[in-house]
Amino acid sequence: MEEDVLERNDDELKRILTFIRQMEGIIRNSSNAGQVERIRKELIKYRARLNQMAPESNAQSATVDEIASSLGIENSGEMRSAKTASASSVSKNVSEEEDLMLVNSLNINKASPHCSDFDINFLSTVLLLIQKEYWPVISEQHCKVDFSHGTVRDTIRNKMDNAMRNLKVLAETIEEYATADKQDFREQLLKMKNKQSRIFLIETNTVLKEISAFVEELANDVNTSGSIVVNKSDIIEFNPRFEEAEKLNGKTVSYAVTEFNVFVKQVLKKINLPEFRQGK
């Protein structure tokens, strides 16, 4: 059965072409086999959607430049940036390795005993580390911020808690799938596992970006004598009766916020997921 042809929208076409270029760059340069396989599946979906919107574009096999040219779409700045970033990524491998010292030193733990997906295991490790060691330094107990930023902090915390719940559900499904005997049940669990994996990756990537933007604002504030953080010089002292955090105990709020900022930026660079959108 042939797919319906969707109405052409040049802005949407440009966005899809940008996503395709980003994903192809990741496929070429990533050493993570699990990530490459996932991105390949997403690439197929985006090219299929492009084919629905512009059947004349030969979207299943043509290059991004060929498609853009055939549709008369000028490369946007975002598309050019994606191309430049892809072309230069190999030459940056050495310097990026140095730039990722905090995340490359992590001991990656499995999200569940039978989870072999690097991205899921990596993000699971990151979320647990943020929850235990980094989030406490910007919590209300240790980082005093103005009212508006306190509200933003609470909102992000709720989203992070939701990501943790998604992780728990996904881990349970992975284990059910690994131990299931009946074939029809395994097929059902596989679909659930794939869907939950996608949701976890999308939502975790999104909340990490929100955390990054928020902590960057705090870091800029404490390093420029701003007025958002009012106790930037205080020494952090965790209470072992209520907090598990140890890593940044005895550091100033300013130092701890700055390290948190560096860490989450390294995480986002390491995971390098494209901007998937749900429902497409």
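Taken together, the values in this text are just the output of simple stated rules run on the coordinates, not laboratory data. This is a predicted model, so every value here is computed, not measured. Every residue, glycine as well, gets a Cβ built from its backbone with ideal geometry; the counts of neighbours run over all protein chains shown.
Some notes on this structure:
- DSSP-assigned coil residues among chymotrypsin sites (Phe, Trp or Tyr not before Pro) in region 185-280, each with at most 11 further Cβ atoms within 10 Å: Phe242
- P(r) weight above 18 Å for region 104-271, C-alpha pairs, percent: 62
- Cleavage-rule hits, trypsin sites (Lys or Arg not before Pro), region 169-273, DSSP coil, Cβ neighbours within 10 Å at most 11: Lys182, Arg241
- Per-pair calculated FRET efficiency, R0 = 35 Å: Glu244 and Ile27 via Cβ, rounded to 0.05: 0.35
- Greater than 30 Å apart at Cα, pairs in Lys159/Lys247; Lys168/Lys247; Lys159/Lys251; Lys209/Lys247; Lys45/Lys168: none
- Pairwise label distance in nanometres, Asp10 with Leu100, each label 7 Å out on the Cα-Cβ vector: 3.8
- Spin-label pair Asn109/Leu268, simplified geometry with 7 Å Cα→Cβ offset, distance in nm: 2.6
- Footprinting exposure proxy for Thr206, Thr151, Thr224 (fewest neighbouring C-beta atoms within 10 Å first): Thr224, Thr151, Thr206
- Gain on full stretching of the segment that runs from Ser139 to Ala178 - 0.36 nm per residue minus C-alpha separation: 10.3 nm
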